[in-house]
Amino acid sequence: MTNEIITSSAADLAARLAAGEISSVEVTQAHLDRTSAVDGAVHSYLHVDFDGALATAREIDTRRAAGEQLHPLAGVPIAVKDVMTTKGLPTTCGSRILQGWIPPYDSTVVAHLKAAGMPILGKTNMDEFAMGSSTEHSAYGPSHNPWDLERIPGGSGGGSSSVLASFQAPLATGTDTGGSIRQPAAVTGTVGTKPTYGGVSRYGLVALASSLDQAGPCARTVLDTAMLHEVMAGYDPMDSTSIDEPVPAIVEAARRADVTGLRIGIVKELTGEGFQAGVQQRFDESVQHLVDAGAEIVEVSCPSFTYALATYYLILPSEASSNLAKFDAMRYGLRVPPEDIDDPSAEQVMAATRDAGFGDEVKRRIILGTYALSSGYYDAYYGSAQKVRRLISDEFTAAFEKADVLVSPTAPTTAFKLGDKLDDPMAMYLNDIATIPANLAGIPGMSLPSGLAPEDGLPVGFQILAPAMQDQRLYAVGAALEARLLHAWGAPLLASAPDLTAVAKGTSR
Ligand code: GLN
């Protein structure tokens with residue numbers, strides 16, 4: 001790797017910035033140079049803000065030099081998922097329909113990053129409106145997995161996972177409605193947390209399914225993830241579902257990494273059959289590491305989880321079809337006048353714009369949601385799904401009486417090849433079988449690397465789930481496992497990823 005700055009953790013960079021050993025301009029420039037060299041091949045970004053990022057970096061360096069007390073992450077650059085509004089910077093949500101839209105305001109998450117003095121490198125690629133598990137539904141073309149450029153980086157947040165795994169940014173933001181932070185982390189050997197629902201403000205996120213959406217941190221280490229989580233989190237009166245309680249002590253938990261006496265529950269329904277052999281093997285080994293670190297194992301069963309996917313694919317399209325109704329050709333971005341109509345009505349402009357502006361997956365879900373909510377079917381579909389959602393939540397509550405955290409593999413397989421599941425929506429949906437239950441119940445979850453699957457040499461993710469507002473438990477367990485694995489591997493997992501400098505030759509932008 002060309003530059004040790006880009007392989008450093010955010011925590012290390014923060015410490016060296018605070019000590020005056022490096023400047024934010026140096027750190028930011030190193031990452032932007034890396035982007036110029038490799039993003040032609042990886043395509044993590046939809047938009048890179050070279051000037052804006054460096055301007056913030058310069059400002060932070062000046063303030064630090066003047067002796068100002070700064071936030072611990074001041075000067076550490078970050079990439080932002082394109083689902084979050086950024087004042088003055090394009091926000092497309094991976095959709096054609098938002099092409100050209102420049103938001104007049106910052107999402108709360110972005111406002112927090114700016115207040116902390118973190119230079120924003122750019123906006124990361126994603127499946128259109130966060131619908132997908134591979135970034136192949138992005139209207140701007142897919143991102144690629146740095147471990148193997150022919151493979152998916154996960155989705156919908158594959159831009160954020162690949163930006164980390166290709167060392168273009170030390171930190172990134174994500175959103176997780178059914179797994180879009182955790183599954184991309186799993187297949188790229190990075191770390192990501194979906195916080196407790198309501199723990200991080202949804203204000204300024206382009207909504208997919210409001211009762212499931214949750215913004216969260218993405219990074220390469222558990223401590224970095226915790227540090228970013230803390231910046232993003234907190235009560236926000238602009239979000240009616242924001243929790244008005246203190247943010248759990250997540251950084252402290254990540255630093256202590258203590259699992260002594262902790263009861264770890266293995267969810268029967270989320271292991272075994274249907275999971276790739278190497279994924280299961282790495283999962284079992286990680287569980288053993290946690291036992292060695294002093295944890296206790298219990299087995300739990302949550303039979304309703306079998307219906308989680310079906311429940312999610314009724315609730316999500318229902319909410320999405322209503323949230324996406326606002327893209328009416330009048331308010332945002334694209335406006336396409338219908339061909340062959342001289343004096344089109346508002347409805348005709350709306351129809352032509354939505355036809356041209358939305359991709360197939362978005363249309364599929366709008367149709368599904370509109371159908372599930374139609375008066376004759378509401379009780380049979382949406383109503384039943386809400387009942388099952390309740391059962392899933394209750395089963396989590398029961399499981400958390402026996403265990404302090406629950407664990408499973410994050411995704412059933414390692415990264416699949418681009419194109420492999422594009423024509424088979426059901427196969428694509430099945431990727432999130434282990435992540436979706438947490439969204440339905442509003443509880444927090446994390447994915448961290450648990451090794452490479454022996455059969456294909458690709459990263460495997462380990463998922464940890466905790467009760468609502470107990471996010472710190474994810475970090476205690478994650479940090480304990482990470483420390484053991486790091487010791488066993490002798491180097492971070494990503495150190496064994498292919499060096500992209502060779503691959504990217506001639507593709508720089
Ligand atoms: N892959 C899931 C879906 O397609 C999850 C998406 C998400 O979390 N935004 O809905």
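The values are calculated or read from the model by the stated rules, or taken from the named source; none is laboratory data. Here the structure is a predicted model, which means the values were calculated and not measured. With ideal geometry, Cβ positions are generated from the backbone for all residues, glycine too; neighbour counts draw on all protein chains shown. For the accessible areas, the whole protein counts, side chains as well, though only heavy atoms, and no ligand, DNA or RNA atoms are used. Shrake-Rupley method; radii C 1.70, N 1.55, O 1.52, S 1.80 Å.
Yes/no per residue for (1) within 14 Å of the ligand (Cβ to nearest atom); (2) of a type in the set (Ser, Thr, Tyr):
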| site | (1), (2) |
| --- | --- |
| LEU368 | yes, no |
| TYR371 | no, yes |
| GLY376 | no, no |
| ASP394 | no, no |
| ALA398 | no, no |
| ASP432 | yes, no |
TODO: From the list PRO337, PRO317, PRO303, pick out the single residue that is within 16 Å of the ligand (Cβ to nearest atom) and not aromatic (Phe, Trp, Tyr).
DONE: PRO317
Task: Among the candidates ARG335, ARG354, residue that is outside any loop (DSSP other than H, G, I, E, B), touching a residue at least 12 places away in the same chain (Cβ under 8 Å) and among the charged types (D, E, K, R) - done: ARG354
TODO: Might you let me know whether the stretch 354-364 holds any residue that is open to solvent by 80 Å² or more (accessible area, probe 1.4 Å) and over 25 Å from the mean Cα position of the chain (by Cα)?
DONE: yes
TODO: Go through (1) open to solvent by 10 Å² or more (accessible area, probe 1.4 Å); (2) farther than 30 Å from LYS417 by Cβ; (3) of a type outside the set (Lys, Arg) one by one and return the number of the condition GLU136 breaks.
DONE: (2)
Open item on the list: Can you say whether TYR377 is at pLDDT below 95 and either among the aromatic types (Phe, Trp, Tyr) or under 24 Å from the mean Cα position of the chain (by Cα) (or both), as far as the supplied structure shows?
Closed with: yes
Open item on the list: Scan the stretch 272-284 and tell me whether some residue there is farther than 25 Å from THR414 by Cα, at pLDDT 95 or above and surrounded by 14 or more Cβ atoms within 10 Å (Cβ to Cβ).
Closed with: no
- [ ] Considering every residue within the stretch 246-267, establish whether at least one is in contact with a helix residue (DSSP H, G or I) (Cβ under 8 Å, 6 or more places away or on another chain), farther than 19 Å from MET446 by Cβ and surrounded by fewer than 18 Cβ atoms within 10 Å (Cβ to Cβ).
- [x] no
Open item on the list: touching a residue at least 24 places away in the same chain (Cβ under 8 Å) and either touching a His at 6+ places or on another chain (Cβ under 7 Å) or open to solvent by less than 40 Å² (accessible area, probe 1.4 Å) (or both): is that true of ILE297 in this structure?
Closed with: no
Open item on the list: If I filter the stretch 195-218 for residues that are away from the ligand (no atom under 16 Å from the Cβ), in contact (Cβ under 8 Å) with a residue 12 or more places away in the chain and closer than 21 Å to PRO409 by Cβ, do I get at least one hit?
Closed with: no
Open item on the list: Pairs needed: first member in the stretch 25-45, over 21 Å from HIS144 (Cα atoms); second member anywhere, modelled with pLDDT of 95 or more and polar (S, T, N, Q); C-beta distance under 8 Å; at least 6 residues apart or different chains.
Closed with: THR28/THR56
Open item on the list: Quick test of your reading of the structure: THR35 fulfils all but one of (1) open to solvent by 20 Å² or more (accessible area, probe 1.4 Å); (2) of a type outside the set (A, V, I, L, M); (3) within 22 Å of the chain's Cα centre (by Cα). Name the failing condition by number.
Closed with: (1)
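Residues checked against (1) surrounded by fewer than 24 Cβ atoms within 10 Å (Cβ to Cβ); (2) touching a helix residue (DSSP H, G or I) at 6+ places or on another chain (Cβ under 7 Å); (3) assigned to a helix (DSSP H, G or I):
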{"residue": "VAL76", "(1), (2), (3)": "no, yes, no"}
{"residue": "THR91", "(1), (2), (3)": "no, yes, no"}
{"residue": "VAL109", "(1), (2), (3)": "no, yes, yes"}
{"residue": "LYS123", "(1), (2), (3)": "no, no, no"}
{"residue": "SER143", "(1), (2), (3)": "no, yes, no"}
Open item on the list: I want to confirm something. Restricting to the stretch 385-434 and keeping residues that are β-branched (Val, Ile, Thr) and in a helix (DSSP H, G or I), which single residue is surrounded by the fewest Cβ atoms within 10 Å (Cβ to Cβ)?
Closed with: THR397
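Mind listing just one residue for me: the one in the stretch 160-191 that is near the ligand (Cβ under 9 Å from one of its atoms) and farther than 22 Å from LEU452 by Cβ and, of those, surrounded by the most Cβ atoms within 10 Å (Cβ to Cβ)?
Going residue by residue through the stretch 160-191, those that are near the ligand (Cβ under 9 Å from one of its atoms) are 174-183.
With the extra rule that they be farther than 22 Å from LEU452 by Cβ, the set shrinks to 174-178, 180.
On the way: GLY174: 31, THR175: 27, ASP176: 32, THR177: 29, GLY178: 31, SER180: 35.
Filtering first and then ranking leaves SER180.
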Open item on the list: Considering only residues that are within 16 Å of the ligand (Cβ to nearest atom) and open to solvent by less than 20 Å² (accessible area, probe 1.4 Å), which ones fall in the stretch 320-334?
Closed with: ALA320, SER321, LEU324
TODO: Return a yes/no flag: does the stretch 445-464 have any residue that is more than 16 Å from the ligand (Cβ to nearest atom), open to solvent by less than 40 Å² (accessible area, probe 1.4 Å) and assigned to a helix (DSSP H, G or I).
DONE: no
Open item on the list: All but one of (1) within 13 Å of the ligand (Cβ to nearest atom); (2) over 30 Å from GLU296 (Cβ atoms); (3) polar (S, T, N, Q) hold for THR241; state the number of the condition that does not hold.
Closed with: (1)
Task: Index of the failed condition, VAL83 passing every other in (1) out of contact with any Asp or Glu (no Cβ under 8 Å at 6 or more places or on another chain); (2) touching a residue at least 12 places away in the same chain (Cβ under 8 Å); (3) open to solvent by 40 Å² or more (accessible area, probe 1.4 Å) - done: (3)
Open item on the list: Take LEU440 and tell me if it is within 16 Å of the ligand (Cβ to nearest atom) and open to solvent by 50 Å² or more (accessible area, probe 1.4 Å).
Closed with: no
